[in-house]
Each structure stands twice: as structure tokens, then as C-alpha cells.
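Peer 1: Handing you this structure, nothing more for now.
The values are calculated or read from the model by the stated rules, or taken from the named source; none is laboratory data. What you are looking at is a predicted structure, and each value in this text was computed from that prediction instead of being measured. No Cβ is skipped: glycine too gets one built from the backbone with ideal geometry, and neighbour counts run over all protein chains shown.
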Amino acid sequence: MIHVLADQNLYKIEELIPPHTQLNLYDPSKGIPDLEGIDALLIRTVTHINEDVLPCIPPGLEFIGTGSSGTDHLDNEYLEQKGITLADANGCNARAVAEYVMTSLLLWKEQHQPETPFGKIGVIGVGKAGSAVVELLREFEIDCVEYDPPRENRDPNFTSASLEEVLNCDILTFHVPLNKKGDHPTFHWLNEQKLNGREFKLIINAARGGVVDELALMKHFVEGSVGNYILDVWEKEPDFNTKIAKHAFIATPHIAGYSEQAKINATKIVCDKLAAHFDIEPAISKYKNISRTVDLAHISYNLTGILTRLHPIKGYDAALRDLFDRPDKKVLFRSLRNEWPYRFEYSFLKVRKEILLDFERLKKLGITGV
């Protein structure tokens, strides 16, 4: 019997954990409990594991899986040196992130430049999430530039734009991991030096806090060289900078990748990797192709109204702004992430066919009619 300790907030973990395992759950806000007798540990991004946190690794622990695309909360080198097999859920939320970006873009355009084109959009980081963003941008026939030198190095079929090409774009959206070391560090990739002397209509960061130098971004917004910015991730998260958030067109609590489908994907991927590592039978998911019909009869028929009914982005924005003056904003930030119901991705939503006829953009998002 494989003994598994898992974050209690891993979505549907009790239903997606492989059979023939003994599952125990822990509350991440109380830290990691005793790992003696545990074969596998399943975590989320809120749990950081390194030598300081886990100086003594029990001999039985051989697998750590994170239900997330990113792994910057793990000291991979340290854990691998200790013989731990690491697994992530890379790509689990790519479509959800892409829909967050596209929804943000459409809401911004409706408010700021409804009659003019977006211009050229630079996608910085073209892995799973960035590629999903590019796919949606092309569906909307929006000109985009793909910038990802590390991918060019490992993928002979991919050619990255140059730095100058991407910095000449009108809008930038970020989809890179947070790296402070290596050949391609991303910490403060967008900084004073890159912002100085340039103008951008919009900056979006739905990658990791710290990829964008927030103070430099706010400075250039105040000075007028950055028209607007949208932030879903924050430096020192969950202790986000309220002054920076106040200036944002949209400010959300690290939920770009949150959807029913993404959360199920994340847990299923990491549980399947656990099953493969221990050579046991994986669980069979019963969550495929579940759709939801949304009644839009009671809202005004404009694109902004429909999008904010189908996607909770503006609700999260309003809820985050309510935290600005709260002394317990760090705790409440986490609560916003954990306690709101997950949205359905657009391709799993259905609306009345006549609405799709009036709003072609909804079909491009993947919404279908009934």
C-alpha cells in the first residue's frame, strides 16, 4: 500500500488519487506535517520545499508532485540530490490562462479603444500557456510576436523573435517561469531599462510575480508611457502592493489558471504520474466533457456584460480591491484563491444560439449554442 500525503485543497484529490493508496490530507496553512512513513507528497504552489523547510527527508519519501505548471516553489536541485522524483502538472491550465488573457484584452479594448485594432501583441514565453495564448490570438486574427529564446535552443522547429522585435510591440503578455539564475533569467525581465524610451498600450502579467518589476511598471504608467496594465501575479504574494494594484486596469489574486477543467487536469496529471512512478493502476476520471448552459436573458446584451457573466475576472478584481485597507489582506488573498467556485472554460459553456449570432467573438472563444 502506497502512503500519500496531499494538500487538502488539491481539487477532487480523493476521487482522482489512484486506488490501492492510503491518502492523508494536510492543511498547508499549518505547514508540512511529519512525513515519517509517507511514500509520496502532493502539494500546491503555496507549499515551498527546500533544504531549510525540509532539512531531513525521511528515507521512505521518494515522490513529490505539485498540482501546478510552475515549480519555482521547489528547490529541484536539492530534492533530486536526495533521490526524490519530482512531478508537475505542466500545461494543465494553459487554456484557462489563455482565456484569462483574451478576456482581459477584450474587456480592455471595449473600454479604451473599441473602434481601433489591438496592434501587435508580444507573447513572452511560448510554452504550453504561451502557445495557447498565441492560438487564441490567431483565432481573433490579432497580429502577435512569439519570443522564447530558451525554446528556440531546444526546439528546432521554433524560431524566436528578437528582443527588439518583441519590445516594439504595442502590448506585452508574459508566460514564463520565474528564474533568477541560468542563461535566461526572468526575474524583473521587464524592468526600467526595457521600459525606458518605449511606449506600450498594455502590459499583462499572468505568469509569476517578479517577472515584471512592478515599481518600474507603475512609474511608467504614471508617466504615461504605459497606457494600462493587468496583473494576476504579484511580488511578495500574498502580501501584494496595494498601491500598484490600485492603478491596474484589472487586478486579480493569481487565478488566471483557475477553472474547473484546469483544476481537474492538474490533480489528474500529478496523480497519474504518481501511479506511473509506483507502477500502480491510475484512477479513472469521470469528469470528461461536462458542459454548462448559461442563461443570459437577464443581462444587457453588450460584450462586456456577457464576458463578465461568463468569466469571474471582474468579480475577482472587485474582491481584491476590497482587501486594500484590510490588515489581514494576506489571509484574505489566499481565501479568494481557495474559496471561490471555479469557472468553466469557454468550450464547456453553452448559450442561446441567437446570442452567438450577435456576438461572433463568443464563438471564437469556443462557446457553443443551444
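Peer 1: Can you tell me which residue in the range 331-347 is farthest from the chain's Cα centre (by Cα), limited to those that are over 22 Å from ALA94 (Cα atoms) and at pLDDT below 95?
Peer 2: Ranking the candidates gives VAL331 first.
Peer 1: Can I ask one more? Would you mind finding the one in PHE221, PHE240, PHE200 that is more than 17 Å from PHE333 (Cα to Cα), crowded, with 22+ Cβ neighbours inside 10 Å and of a type in the set (A, V, I, L, M, F, W, C)?
Peer 2: Checking each option against the conditions leaves just PHE200.
Peer 1: Could I ask something else about it? Taking the range 2-40 as the region of interest, how many residues are at positive phi and either exposed (fewer than 12 other Cβ atoms within 10 Å of the Cβ) or in a helix (DSSP H, G or I) (or both)?
Peer 2: 2
Peer 1: For the range 165-196: of the residues being crowded, with 16+ Cβ neighbours inside 10 Å and at pLDDT below 95, which is farthest from LEU231 (Cα to Cα)?
Peer 2: In this case the residue turns out to be ASN179.
Peer 1: On to the next question. So which of THR242, THR293, THR252 is more than 27 Å from PRO177 (Cβ to Cβ) and not aromatic (Phe, Trp, Tyr)?
Peer 2: Testing whether each residue is more than 27 Å from PRO177 (Cβ to Cβ) and not aromatic (Phe, Trp, Tyr) leaves just THR293.
Peer 1: For the range 265-287, how many residues meet the condition of being crowded, with 17+ Cβ neighbours inside 10 Å, under 19 Å from PHE344 (Cα atoms) and out of contact with any helix residue (DSSP H, G or I) (no Cβ under 6 Å at 6 or more places or on another chain)?
Peer 2: The qualifying residues number 3.
Peer 1: Next question, about the same structure. Out of the residues in the range 164-221 that are of a type in the set (Lys, Arg) and in a loop (DSSP other than H, G, I, E, B), which is farthest from HIS247 (Cα to Cα)?
Peer 2: Per the criteria, the residue is LYS181.
Peer 1: What single numbered condition from (1) surrounded by fewer than 19 Cβ atoms within 10 Å (Cβ to Cβ); (2) in contact with a Leu (Cβ under 7 Å, 6 or more places away or on another chain) fails to hold for ILE124?
Peer 2: Just one mismatch for ILE124, condition (1).
Peer 1: Turning to a different aspect of this structure: Can you pull out the residues in the range 286-329 that are in contact with a strand residue (DSSP E or B) (Cβ under 9 Å, 6 or more places away or on another chain), assigned to a helix (DSSP H, G or I) and of a type outside the set (Asp, Glu)?
Peer 2: ILE306, LEU310, ILE313, LYS314, TYR316, LEU320, ARG321
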